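Undergrad: Mind having a look at this structure? Questions to follow.
The values are calculated or read from the model by the stated rules, or taken from the named source; none is laboratory data. Remember, predicted model here, so these are calculated numbers, not experimental data. Cβ sites come from the backbone with ideal geometry, for glycine too, and all protein chains shown count toward neighbours.
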Amino acid sequence: MPKIIPRSHPEDAAQRLAATGIAPLLARIYAARGISDAAQLETGLARLLPFTQLKNAQHMAVLLADAIAQNKKLLIVADYDADGATACAVALRGLRAFGARVDFIVPNRFEYGYGLTPEIVQLAAQSKPDILITVDNGIASVEGVAEANRLGMQVLVTDHHLPGDALPDALCIVNPNQPGCDFPSKNLAGVGVMFYVLLALRAELRSRGAFTEQAEPNLGNLLDLVALGTVADVVKLDENNRILVQQGLQRIRAGRACAGINALLQVARKAAAKASAYELGFVVGPRLNAAGRLDDMGLGIQCLLADDPAEAARIAAKLDALNRERRDIEAGMQQAALAALEHINPVDSSSLAMFDETWHQGVIGILASRLKDKFHRPVIAFARSQNGEIKGSGRSIPGLHLRDALDLVSKRHPHLLQKFGGHAMAAGLSIREEHFDEFQSAFEAVAQSLLSPADLTRVIETDGALAAADFSLDIAHSLEQQVWGQGFPQPLFEGEFGVDLQRVVGEKHLKLKLSAHAATYDAIHFFSTNPLPQRILAVYSLGINEYNGNVSLQLIVRHWQAAGKE
């Protein structure tokens with residue numbers, strides 16, 4: 001059973017925030033997330049970190065301005081996830097607004113794998129570009145950049161991933177995580193890096209007098225795409241990223257999003273006027289990602305580039321169908337994985353490594369994530385690839401840095417891993433199929449050496465109990481207006497309730513009446529039909545229910561256990 005722990009918060013920070021007029025509950029919530037000054041909550045563009053602090057951004061701007069002046073042919077090399085797709089769309093829309101001659105290519109993950117590989121370079125060379133520009137990839141593409149140089153193409157790398165031991169020999173690299181970069185936000189997504197390069201390019205073109213006879217492009221129009229890619233890539237929402245996301249959401253809610261984002265919201269029956277980070281991460285993002293998982297992310301990029309609402313709607317319908325197919329595939333894979341675990345108790349192990357020859361390469365990352373959430377263990381799911389190899393996608397839990405764990409496996413068993421990469425919470429790898437059992441044992445041994453029993457206990461952090469006065473629509477509205485996400489988690493509260501009424505609605509949700517503080521509250525537990533006992537300890541968030549023109553407070557139950565039980 002998960003351990004429920006209230007977050008601690010610096011009382012002095014909460015008092016300073018409350019002194020500025022912020023409601024005491026909100027002050028406590030913000031203080032628990034590292035906010036000590038009300039200015040940190042401001043989301044105006046004036047508070048964005050300047051591009052001058054991002055290493056090589058100005059140098060790349062000079063190179064791009066020269067290329068535009070010389071009418072050179074530019075080719076964007078994209079990645080096949082939502083961050084890569086939005087970064088590509090931002091690059092294309094921005095560069096074209098500045099007069100560049102630019103197109104894009106995106107690798108099919110099943111044929112070419114990730115990044116600027118020599119094979120992708122050779123494919124790109126067929127269209128004879130002068131310059132390749134990577135978005136959301138390239139920092140580890142030593143061989144690919146070398147191949148591009150050999151073929152006479154220059155390479156500009158924009159990326160946010162951690163570099164390896166050696167940097168590629170590119171003409172210019174912009175990456176906040178490269179050595180020597182002092183940019184304060186190391187959490188920019190790939191789309192954020194590209195947006196910053198465009199800010200630098202606009203300043204460079206302005207200094208060259210490019211806008212004396214024509215209007216200066218408004219790069220703020222790209223912030224809907226920046227917000228989508230930032231949220232969908234689950235990067236930490238530090239102060240700078242929250243500004244980018246909030247500004248993008250404001251444009252979406254005001255009806256100023258690109259046709260593609262509007263179409264993806266419409267196909268999911270979501271109102272743009274009420275869009276939040278949740279819709280970007282769990283509604284729009286998965287539909288965009290479905291193209292890269294099952295087909296070709298070129299389809300997703302075309303949706304984001306469409307200016308005609310009818311064309312955007314047509315592509316969005318295809319993406320929605322792919323996402324439904326992805327969900328069906330994932331459900332089947334999850335069922336197979338759980339069946340395989342029937343005779344194994346995951347509690348007895350520190351990790352899970354699973355392989356099924358029928359699993360789909362594009363969905364194993366989602367499967368690993370679902371199993372990680374269910375069992376609170378680091379999980380690597382494998383699918384069959386080519387030439388006797390199987391590809392794995394892993395997701396981890398706090399306490400185990402997945403990329404470092406794989407590095408340890410590689411050092412202890414040099415013959416096992418064909419290749420691997422990633423970061424703390426997610427990683428990918430390739431091994432020979434006949435080595436799966438050996439890898440399973442090796443990964444378990446490493447996990448056991450790195451994880452303590454406390455690490456293997458799921459912890460639910462809450463913002464404590466709510467006072468009776470805090471069960472209000474005003475508080476719910478205030479919380480709804482904030483950007484929540486990775487590293488800045490949505491507030492959860494805990495409390496004991498009597499269960500006065502429960503019934504199944506929509507065949508898969510539990511509608512509830514919960515009582516506490518001599519009051520009764522509407523509540524819902526999504527995707528659960530199991531009956532609740534008479535009294536529960538609930539972990540919940542505050543929501544707003546709109547039905548038949550009525551607006552009311554609704555508690556959204558995220559976890560429950562019988563009251564009085566640890």
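Undergrad: Please go through the range 325-358 and pick out each residue that is assigned to a loop (DSSP other than H, G, I, E, B), under 30 Å from residue 449 (Cβ atoms), of a type outside the set (Asp, Glu) and over 24 Å from the mean Cα position of the chain (by Cα).
TA: 341, 343, 344, 345, 349, 350, listed by residue number.
Undergrad: Please list, ordered by first then second residue, the pairs with beta carbon atoms under 8 Å, 6 or more apart or interchain, first in the range 399-412 and farther than 14 Å from residue 380 by Cα, second β-branched (Val, Ile, Thr) and part of a helix (DSSP H, G or I).
TA: 408/446; 412/446
Undergrad: Ok, one more. Checking the conditions here, which among 192, 248 is within 21 Å of residue 485 (Cβ to Cβ), within 15 Å of the chain's Cα centre (by Cα) and free of Cβ contacts under 8 Å to residues at least 60 places away in the same chain? Please lay out each step first, then the result.
TA: On the way: 248 fails: within 15 Å of the chain's Cα centre (by Cα).
The match here is 192.
Undergrad: Would you say residue 65 is farther than 28 Å from residue 382 by Cβ, of a type outside the set (Lys, Arg) and either buried (at least 24 other Cβ atoms within 10 Å of the Cβ) or more than 27 Å from the chain's Cα centre (by Cα) (or both)? So that I can check it myself, show each step before the final result.
TA: Details: farther than 28 Å from residue 382 by Cβ: yes; of a type outside the set (Lys, Arg): yes; either buried (at least 24 other Cβ atoms within 10 Å of the Cβ) or more than 27 Å from the chain's Cα centre (by Cα) (or both): yes.
Judged against the criteria, residue 65 is a match.
Undergrad: While we're here: How many residues are surrounded by fewer than 24 Cβ atoms within 10 Å (Cβ to Cβ) and outside any strand (DSSP E or B) when one looks only at the range 378-390? So that I can check it myself, show each step before the final result.
TA: To start, the set of residues in the range 378-390 that are surrounded by fewer than 24 Cβ atoms within 10 Å (Cβ to Cβ) comprises 383-389.
This time we only want the ones that are outside any strand (DSSP E or B), so: 385-388.
Qualifying residue count for the region: 4.
Undergrad: Now a separate question. On the basis of being surrounded by 23 or more Cβ atoms within 10 Å (Cβ to Cβ) and in contact (Cβ under 8 Å) with a residue 60 or more places away in the chain, does residue 300 make the cut? If you could, list the steps in order and put the result at the bottom.
TA: Values: surrounded by 23 or more Cβ atoms within 10 Å (Cβ to Cβ): yes; in contact (Cβ under 8 Å) with a residue 60 or more places away in the chain: yes.
It is true that residue 300 is surrounded by 23 or more Cβ atoms within 10 Å (Cβ to Cβ) and in contact (Cβ under 8 Å) with a residue 60 or more places away in the chain.
Undergrad: Just checking, which of 424, 454 is in a loop (DSSP other than H, G, I, E, B), over 20 Å from residue 349 (Cβ atoms) and small (Gly, Ala, Ser)? Break it down into steps so the answer makes sense when it comes.
TA: Values: 454 fails: over 20 Å from residue 349 (Cβ atoms).
That would be 424, the only listed residue that is in a loop (DSSP other than H, G, I, E, B), over 20 Å from residue 349 (Cβ atoms) and small (Gly, Ala, Ser).
Undergrad: Continuing with the same structure: Out of 152, 164, 115, 138, I need the residue that is without any contact (Cβ under 8 Å) to a residue 12 or more places away in the chain and part of a loop (DSSP other than H, G, I, E, B). Which one? Write out each step before concluding.
TA: On the way: 164 fails: without any contact (Cβ under 8 Å) to a residue 12 or more places away in the chain; 115 fails: without any contact (Cβ under 8 Å) to a residue 12 or more places away in the chain; 138 fails: without any contact (Cβ under 8 Å) to a residue 12 or more places away in the chain.
Every option except 152 fails the conditions.
Undergrad: Looking at the structure I just gave you, is residue 145 touching an Asp or Glu at 6+ places or on another chain (Cβ under 6 Å), in the same structural domain as residue 73 (by TED's automatic domain parsing) and either farther than 30 Å from residue 47 by Cα or assigned to a helix (DSSP H, G or I) (or both)? Steps first, answer last, please.
TA: Values: touching an Asp or Glu at 6+ places or on another chain (Cβ under 6 Å): yes; in the same structural domain as residue 73 (by TED's automatic domain parsing): yes; either farther than 30 Å from residue 47 by Cα or assigned to a helix (DSSP H, G or I) (or both): yes.
Yes; evaluated as a whole, the condition is true for this residue.
Undergrad: Please work out which one of (1) in a helix (DSSP H, G or I); (2) within 30 Å of residue 445 (Cβ to Cβ); (3) of a type in the set (Val, Ile, Thr) is the condition residue 301 fails and give its number.
TA: Just one mismatch for residue 301, condition (2).
Undergrad: Six or more apart or on different chains, Cβ under 8 Å: which pairs go from a residue in the range 203-214 that's under 12 Å from residue 65 (Cβ atoms) to one that's of a type in the set (D, E, K, R)? Could you list them?
TA: Short answer, once both residue conditions are applied: 206/216.
Undergrad: Mind listing just one residue for me: the one in the range 324-357 that is among the polar types (S, T, N, Q) and not assigned by TED's automatic domain parsing to the domain that holds residue 443 and, of those, nearest to residue 260 (Cα to Cα)? Full working, then the answer.
TA: At the first step, the residues of the range 324-357 found to be among the polar types (S, T, N, Q) are 334-335, 345, 349-351.
Subsequent filtering for residues that are not assigned by TED's automatic domain parsing to the domain that holds residue 443 retains 334-335.
Values: 334: 31, 335: 33 Å.
Going through the qualifying residues, I end up with 334.
Undergrad: Is there any pair with a first residue in the range 546-566 that is of a type outside the set (Gly, Ala, Ser) and a second that is in a loop (DSSP other than H, G, I, E, B) and at pLDDT below 90 whose Cβ atoms are under 6 Å apart and which are 6 or more apart or on different chains, and what are they?
TA: From residues that are of a type outside the set (Gly, Ala, Ser), there are no pairs.
Residues checked against (1) under 22 Å from the mean Cα position of the chain (by Cα); (2) charged (D, E, K, R); (3) assigned by TED's automatic domain parsing to the domain that holds residue 354:
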{"residue": "413", "(1), (2), (3)": "no, no, yes"}
{"residue": "420", "(1), (2), (3)": "yes, no, yes"}
{"residue": "429", "(1), (2), (3)": "yes, no, yes"}
{"residue": "482", "(1), (2), (3)": "yes, no, no"}
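Undergrad: Can you say whether residue 483 is crowded, with 20+ Cβ neighbours inside 10 Å, without any contact (Cβ under 8 Å) to a residue 40 or more places away in the chain and either of a type in the set (S, T, N, Q) or in contact with a Leu (Cβ under 8 Å, 6 or more places away or on another chain) (or both), as far as the supplied structure shows?
TA: Values: crowded, with 20+ Cβ neighbours inside 10 Å: yes; without any contact (Cβ under 8 Å) to a residue 40 or more places away in the chain: no; either of a type in the set (S, T, N, Q) or in contact with a Leu (Cβ under 8 Å, 6 or more places away or on another chain) (or both): yes.
Considered against the rule, which asks whether it is crowded, with 20+ Cβ neighbours inside 10 Å, without any contact (Cβ under 8 Å) to a residue 40 or more places away in the chain and either of a type in the set (S, T, N, Q) or in contact with a Leu (Cβ under 8 Å, 6 or more places away or on another chain) (or both), residue 483 comes out as no.
Undergrad: Another question about this same structure. Can residue 507 be described as within 31 Å of the chain's Cα centre (by Cα), of a type in the set (Asp, Glu), modelled with pLDDT under 95 and surrounded by fewer than 16 Cβ atoms within 10 Å (Cβ to Cβ)? Working first, answer last.
TA: Details: within 31 Å of the chain's Cα centre (by Cα): yes; of a type in the set (Asp, Glu): yes; modelled with pLDDT under 95: yes; surrounded by fewer than 16 Cβ atoms within 10 Å (Cβ to Cβ): yes.
Against the criterion (within 31 Å of the chain's Cα centre (by Cα), of a type in the set (Asp, Glu), modelled with pLDDT under 95 and surrounded by fewer than 16 Cβ atoms within 10 Å (Cβ to Cβ)), residue 507 qualifies.
Undergrad: Give 254, 259, 227 a once-over and let me know the one that is at pLDDT 95 or above, in contact with a Pro (Cβ under 6 Å, 6 or more places away or on another chain) and aliphatic (A, V, I, L, M).
TA: It is 259.
Undergrad: Against the definition (on the phi < 0 side of the Ramachandran plot, surrounded by 19 or more Cβ atoms within 10 Å (Cβ to Cβ), in a strand (DSSP E or B) and of a type outside the set (Val, Ile, Thr)), how does residue 132 come out, yes or no? Let's see the steps before the verdict.
TA: Values: on the phi < 0 side of the Ramachandran plot: yes; surrounded by 19 or more Cβ atoms within 10 Å (Cβ to Cβ): yes; in a strand (DSSP E or B): yes; of a type outside the set (Val, Ile, Thr): yes.
So residue 132 passes the test.
Undergrad: Which fully enclosed helices (runs of 4 or more DSSP H) of the range 182-288 have 1 or more residues being touching an Asp or Glu at 6+ places or on another chain (Cβ under 8 Å) and surrounded by fewer than 20 Cβ atoms within 10 Å (Cβ to Cβ)?
TA: Details: elements: 190-207, 223-232, 239-253, 259-267.
Once the helices (runs of 4 or more DSSP H) in the range 182-288 are filtered for at least 1 residues that are touching an Asp or Glu at 6+ places or on another chain (Cβ under 8 Å) and surrounded by fewer than 20 Cβ atoms within 10 Å (Cβ to Cβ), what remains is 190-207.
Undergrad: Condition (residue is touching a strand residue (DSSP E or B) at 6+ places or on another chain (Cβ under 8 Å) and crowded, with 18+ Cβ neighbours inside 10 Å) applied to the range 35-54: is it met by at least one residue? Break it down into steps so the answer makes sense when it comes.
TA: Restricting attention to the range 35-54, the residues satisfying the condition of being touching a strand residue (DSSP E or B) at 6+ places or on another chain (Cβ under 8 Å) are 54.
Still in the running and crowded, with 18+ Cβ neighbours inside 10 Å: 54.
Within the range 35-54, one or more residues are touching a strand residue (DSSP E or B) at 6+ places or on another chain (Cβ under 8 Å) and crowded, with 18+ Cβ neighbours inside 10 Å.
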